[in-house]
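The values are calculated or read from the model by the stated rules, or taken from the named source; none is laboratory data. What you are looking at is a predicted structure, and each value in this text was computed from that prediction instead of being measured. Glycine also receives a Cβ, built like all others from the backbone with ideal geometry; neighbour counts cover every protein chain displayed.
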Amino acid sequence: MIDLLLGLQWGDEGKGKIVDVLTTNYDIIARFQGGPNAGHTLIFDGNKHVLHTIPSGIFHKTAINIVGNGVVIDPVIFKKELDNLAKYNLDFKTKLLISRKAHVILPTHRILDAASESMKGKAKIGSTLKGIGPTYMDKTGRNGFRIGDFELDNWKEKYNSLAQKHLKMIDFYDVDIEFDLKELENEFFEAVKVLKNLTFIDSEEYLNQAISNGKTILAEGAQGSLLDIDFGTYPFVTSSNTTAAGACTGLGVAPNKIGEVYGIFKAYTTRVGSGPFPTELFDEDGAKMAKVGNEFGATTGRPRRCGWLDLIALKYAVQINGVTQLMMMKGDVLSGFDTLKVCTTYNYKGKVIDYLPYNIEEKNVSVNYTEIKGWKEDLTGMTKIDELPENLNNYIAYIEKFVGIPVTIVSVGPDRKQTITK
Ligand code: IMP
């Protein structure tokens, strides 16, 4: 069986930490979509690590880590991640396996991303500019360059023909973007040499064999459900399926092989980049969440927008993913509020509704809140469920009742140890 771990909001829910906590239960950890736009933060033994493409199981001695076919890989960023891990003396050749079918982010994909965003002006998505969109465009447009292509004798010809095409497209965009392609390519080709020393596999075959042999697998999602290319707040989304179905296509495993679906959410809501966010706060409460929660993007360092928990959106994500267990992150950040608010209905086209409609932009949707009493206690030192304040338990119980799924883990701080199982 394969269990899934997914973010249920706009990303940055704390997936890296939970994968890290759960890894000891699994033989294999696999990434299935997204790329280095992700930043999964792990904190243990007083050290902080941010992973972008490498699965979060890399720090555990026995786990095999797989970068699946649905992922897009930038060799340059991948090499930097490997360099940052050098001090741990990990055996990448056997612990880190890469799907031949994963697509490669070329330097010109990154330039195209910048050109496309620049041309959008005010309507820009707020992309991480890692080349994600253009790489998935080439994939679905059937022009992409895959990891397996590096095993061909003439891979550079293939590379060149795609890069040349991109240069023509960059010209078409008619925006002022300076770049030194030679320098970018030197860096890219150096990184490819390192990448080619790793192990490339037919990951769908590997994973299905592993399932037949009774191995346990955890699929680690990136970004969040509201950034899903189909079900997110389009067009302010990423370019992959971040939801449960993405694990099937991004790894080659069938739906009937899926076991638990762990849904991770923050006790409040954050978003980086542009796009609608109905419960966004522009007052002291939002500023407090940002400050106490240290809400800055792990990949770009951008400040995250903050707001109250949106239960309509959470219920939607639970439904689309078939979540079986919820995990609530950053409960500690809400300590000290007299009253908490959760969004329980939207006003939409003159009606009160309890589902996520086609368009949740401000001009279409406003929110109605239910108020819940807050708690004052500092949660960060708590280790057992019976230590949690009564009002926090009430908050959790309200969420569980609203979405119909139990909360099984409450995280009260960034460290591995600050994790309470219910
Ligand atoms: P892109 O996928 O880098 O093009 O970014 C598209 C949108 O998704 C932007 O609003 C980004 O801020 C957002 N995004 C992409 N990756 C992440 C992530 O890992 N966490 C949070 N937001 C993300």
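Meeting the requirement of 1 or more residues that are touching a strand residue (DSSP E or B) at 6+ places or on another chain (Cβ under 7 Å) and farther than 29 Å from LYS48 by Cβ, the strands (runs of 3 or more DSSP E) wholly within region 361-422 are 365-373. If you go through region 6-42 and pick out every residue that is within 9 Å of the chain's Cα centre (by Cα) and of a type in the set (Asp, Glu), you end up with 2.
Closer than 28 Å to ARG31 by Cα, surrounded by 21 or more Cβ atoms within 10 Å (Cβ to Cβ), basic (Lys, Arg) and within 16 Å of the ligand (Cβ to nearest atom), is that true of ARG271?
Against the criterion (closer than 28 Å to ARG31 by Cα, surrounded by 21 or more Cβ atoms within 10 Å (Cβ to Cβ), basic (Lys, Arg) and within 16 Å of the ligand (Cβ to nearest atom)), ARG271 qualifies.
The combined condition, being out of contact with any helix residue (DSSP H, G or I) (no Cβ under 6 Å at 6 or more places or on another chain) and closer than 30 Å to THR408 by Cα, is not fulfilled by LEU42.
Looking across region 127-158, the residues that are farther than 25 Å from LEU198 by Cα and among the small types (Gly, Ala, Ser) come down to SER127, GLY133, GLY141.
Taken together, ASP230, ASP176, ASP202 contain a single residue that is within 16 Å of the ligand (Cβ to nearest atom), surrounded by fewer than 20 Cβ atoms within 10 Å (Cβ to Cβ) and charged (D, E, K, R), which is ASP230. The number of residues in region 26-58 that are in contact with a Ser or Thr (Cβ under 8 Å, 6 or more places away or on another chain) and over 21 Å from PHE265 (Cβ atoms) comes to 10. Condition test on GLY133, is it more than 11 Å from the ligand (Cβ to nearest atom), assigned to a helix (DSSP H, G or I) and of a type in the set (Gly, Ala, Ser)? Criteria not met by GLY133. The residue of region 43-57 that is nearest to ASP113 (Cα to Cα), among those that are touching a residue at least 40 places away in the same chain (Cβ under 8 Å) and under 16 Å from the mean Cα position of the chain (by Cα), is HIS52.
Of the candidates ASP113, ASP83, ASP3, the single residue that is part of a helix (DSSP H, G or I) and away from the ligand (no atom under 16 Å from the Cβ) is ASP83. Going by the structure shown, is GLU361 of a type in the set (Asp, Glu) and over 30 Å from GLU220 (Cα atoms)? When the stated conditions are applied, GLU361 does not pass them. The residue of region 369-422 that is modelled with the highest pLDDT, among those that are hydrophobic (A, V, I, L, M, F, W, C) and loosely packed, with under 15 Cβ neighbours inside 10 Å, is ALA397. Out of ASN208, ASN197, one residue alone is closer than 24 Å to THR94 by Cβ and assigned to a loop (DSSP other than H, G, I, E, B). It is ASN197. Contact map, region 380-405: residues that are more than 16 Å from LEU311 (Cα to Cα) paired with residues that are among the acidic types (Asp, Glu) and not in a loop (DSSP other than H, G, I, E, B), Cβ distance under 7 Å, separation 6+ or inter-chain. Pairs shown: THR380/ASP332. For region 26-68, a residue qualifies if it is in a loop (DSSP other than H, G, I, E, B), surrounded by fewer than 21 Cβ atoms within 10 Å (Cβ to Cβ) and within 16 Å of the ligand (Cβ to nearest atom), and exactly one does: GLY39.
Please tell me if ILE125 is within 14 Å of the ligand (Cβ to nearest atom) and among the β-branched types (Val, Ile, Thr). Yes. Listed by first and then second residue, the pairs linking a residue in region 58-73 that is under 14 Å from VAL19 (Cα atoms) to a residue that is among the basic types (Lys, Arg) and assigned to a loop (DSSP other than H, G, I, E, B), with Cβ atoms under 9 Å apart and 6 or more places separating them unless they lie on different chains, are ILE64/LYS215. Of everything listed in (1) under 24 Å from the mean Cα position of the chain (by Cα); (2) away from the ligand (no atom under 16 Å from the Cβ); (3) not in a loop (DSSP other than H, G, I, E, B), the single unmet condition for VAL253 is (3). Consider LYS17 carefully, then state whether it is basic (Lys, Arg) and away from the ligand (no atom under 16 Å from the Cβ). No, not satisfied.
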